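*Asks:* Pasting in a structure now, in structure tokens, and then I'll have a few things to ask.
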Amino acid sequence: MTSVVSPQIDLPQHIAVVMDGNGRWAKARGKARSSGHKAGLKAVRLCIQECVKRSVGALTLFAFSSENWQRSEIEVVAIMGLFFNSLESEIKKLNTNNVRIRIIGNRQRLTLKLQQRIAQAEARTAENTGLNLQIAVSYGGRWDVVEATRVLASRCVSGDLRADDIDEVIFSKNLQLAGLSDPDLFIRTGGERRISNFLLWNIAYTELHFSDVLWPDFAISDFDLAMNSFSSRQRRFGLVSP
Ligand code: IPE
Ligand code: IPE
Ligand code: MG
């Protein structure tokens with residue numbers, strides 16, 4: 001018997017966003033790159049708000065990649081400072097909106113103070129049952145896969161797991177997005193058509209949407225465009241059309 005795809009579900013349940021274009025936004029205004037990152041906060045709030053309003057289950061935002069550590073110290077310090085301050089200033093509103101926040105990525109590279117603030121923010125929103133918000137900081141898709149491999153390998157060495165028992169389900173349980181469904185929609189702003197080491201494993205069948213808008217300019221109309229584009233897609237997951 002031939003399998004057919006299930007009917008199109010119009011609303012993505014999980015959206016992943018590469019928030020790109022802050023530096024160019026600032027440059028166009030003759031400002032420092034850090035002012036672009038600061039201006040991008042407005043679009044972060046907007047995106048979270050829209051997801052809450054539309055009952056999207058999960059939103060995963062790429063804020064800082066494993067490779068972004070190689071930028072100038074001035075820029076890295078500015079981004080980390082912005083992140084540190086926002087975690088404190090936004091938490092009340094996130095709580096009011098029933099948002100559960102989690103940070104994914106290599107925390108060991110973050111300062112102890114930032115690690116503590118992250119732990120506080122996660123604890124304060126842990127019981128919330130609305131939007132699952134993931135912020136990817138010091139995150140790389142390859143790092144994520146290697147970390148999962150390391151955990152599974154050590155379980156094999158200790159005799160807790162047999163190599164033959166490793167499958168896709170067990171593997172994905174050890175990735176940063178464990179417990180969440182794969183993103184349905186991937187949005188990248190800033191005009192580049194690439195993944196830049198975001199969620200490599202999890203986006204195997206994600207619908208991709210690229211926007212030329214620079215992240216600080218990302219508006220509700222741009223969010224709508226992405227949603228409309230998604231609802232016009234036919235997802236087949238390797239099967240055939242009805
Ligand atoms: C995205 O904006 C934010 C980070 C990568 C931290 P960029 O800083 O990459 O902005 P552009 O691509 O240089 O314009
Ligand atoms: C991707 O943007 C990372 C984030 C948005 C956090 P980059 O600006 O780092 O990606 P490339 O260098 O253009 O591929
Ligand atoms: Mg960029």
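The values are calculated or read from the model by the stated rules, or taken from the named source; none is laboratory data. If you're wondering where the values come from, they're calculated on a predicted model, not measured in any experiment. Please note: Cβ atoms are built from the backbone with ideal geometry, for glycine as well, and neighbour counts cover all protein chains shown.
*Asks:* How do the pairs read when you match residues in segment 32-49 that are within 14 Å of ligand 3 (Cβ to nearest atom) and assigned to a helix (DSSP H, G or I) with residues anywhere that are modelled with pLDDT of 95 or more and among the β-branched types (Val, Ile, Thr), using Cβ under 6 Å and keeping only pairs 6 or more apart or on different chains?
*Replies:* Here the result reads His37/Ile79, each pair linking segment 32-49 to a residue that is modelled with pLDDT of 95 or more and among the β-branched types (Val, Ile, Thr).
*Asks:* Return the residue satisfying two criteria in turn: it lies in segment 136-155 and is of a type in the set (A, V, I, L, M) and within 16 Å of ligand 1 (Cβ to nearest atom), and of such residues it is nearest to Glu168 (Cα to Cα).
*Replies:* Ala136
*Asks:* If you go through segment 106-148 one residue at a time, how many are without any contact (Cβ under 8 Å) to a residue 12 or more places away in the chain and closer than 19 Å to Trp201 by Cβ?
*Replies:* 1
*Asks:* Also, quick follow-up: Here are some conditions: (1) surrounded by fewer than 17 Cβ atoms within 10 Å (Cβ to Cβ); (2) within 26 Å of Trp143 (Cβ to Cβ); (3) more than 16 Å from ligand 2 (Cβ to nearest atom); (4) of a type outside the set (Val, Ile, Thr). Arg193 meets all but one. Which one does it not meet?
*Replies:* With (1) surrounded by fewer than 17 Cβ atoms within 10 Å (Cβ to Cβ); (2) within 26 Å of Trp143 (Cβ to Cβ); (3) more than 16 Å from ligand 2 (Cβ to nearest atom); (4) of a type outside the set (Val, Ile, Thr) applied to Arg193, the lone miss is (3).
*Asks:* Based on what the data block shows, is Lys27 modelled with pLDDT of 95 or more, among the charged types (D, E, K, R), surrounded by fewer than 23 Cβ atoms within 10 Å (Cβ to Cβ) and part of a loop (DSSP other than H, G, I, E, B)?
*Replies:* no
*Asks:* List, please: which pairs have Cβ atoms under 6 Å, are six or more places apart or on different chains, and start with a residue in segment 224-241 that is under 28 Å from Lys53 (Cα atoms) and end with one that is outside any loop (DSSP other than H, G, I, E, B) and charged (D, E, K, R)?
*Replies:* Within 6 Å, the pairs are Phe230/Glu207; Arg233/Glu207.
*Asks:* In addition: Please enumerate the residues belonging to segment 207-220 that are in a loop (DSSP other than H, G, I, E, B), surrounded by fewer than 22 Cβ atoms within 10 Å (Cβ to Cβ) and touching a residue at least 40 places away in the same chain (Cβ under 8 Å).
*Replies:* Val213, Ala219
*Asks:* Given the conditions (1) surrounded by fewer than 16 Cβ atoms within 10 Å (Cβ to Cβ); (2) closer than 24 Å to Asn22 by Cα; (3) of a type in the set (Lys, Arg), report the number of the one that Lys113 does not fulfil.
*Replies:* Result: Lys113 passes all but (2).
*Asks:* Which of the residues that make up segment 121-147 are surrounded by 16 or more Cβ atoms within 10 Å (Cβ to Cβ) and either of a type in the set (Ser, Thr, Tyr) or touching a Ser or Thr at 6+ places or on another chain (Cβ under 7 Å) (or both)?
*Replies:* Selection gives Thr125, Gln134, Ala136, Ser138, Tyr139, Gly140, Trp143.
*Asks:* I'd like the full set of residues that are touching a Ser or Thr at 6+ places or on another chain (Cβ under 9 Å) and either of a type in the set (S, T, N, Q) or away from ligand 2 (no atom under 14 Å from the Cβ) (or both), limited to segment 42-69.
*Replies:* Those that are touching a Ser or Thr at 6+ places or on another chain (Cβ under 9 Å) and either of a type in the set (S, T, N, Q) or away from ligand 2 (no atom under 14 Å from the Cβ) (or both): Gly57, Ala58, Ser65, Ser66, Asn68.
*Asks:* Return the residues of segment 95-109 that are in contact with a strand residue (DSSP E or B) (Cβ under 6 Å, 6 or more places away or on another chain) and more than 17 Å from Phe198 (Cβ to Cβ); say none if nothing qualifies.
*Replies:* Val99, Arg100, Ile101, Arg109, listed by residue number.
*Asks:* Also: Could you say which residue among Arg100, Arg117 is over 21 Å from Gly140 (Cα atoms), among the basic types (Lys, Arg) and in contact with a Gly (Cβ under 8 Å, 6 or more places away or on another chain)?
*Replies:* The unique qualifying residue is Arg100.
*Asks:* Is it fair to say Arg194 is of a type outside the set (S, T, N, Q), away from ligand 3 (no atom under 16 Å from the Cβ) and not in a helix (DSSP H, G or I)?
*Replies:* Here the answer is no, as Arg194 does not meet what is asked.
*Asks:* Right, next: Just to verify a result, which residue in segment 50-87, among those that are surrounded by fewer than 17 Cβ atoms within 10 Å (Cβ to Cβ) and part of a loop (DSSP other than H, G, I, E, B), is nearest to ligand 1 (Cβ to nearest atom)?
*Replies:* Arg71
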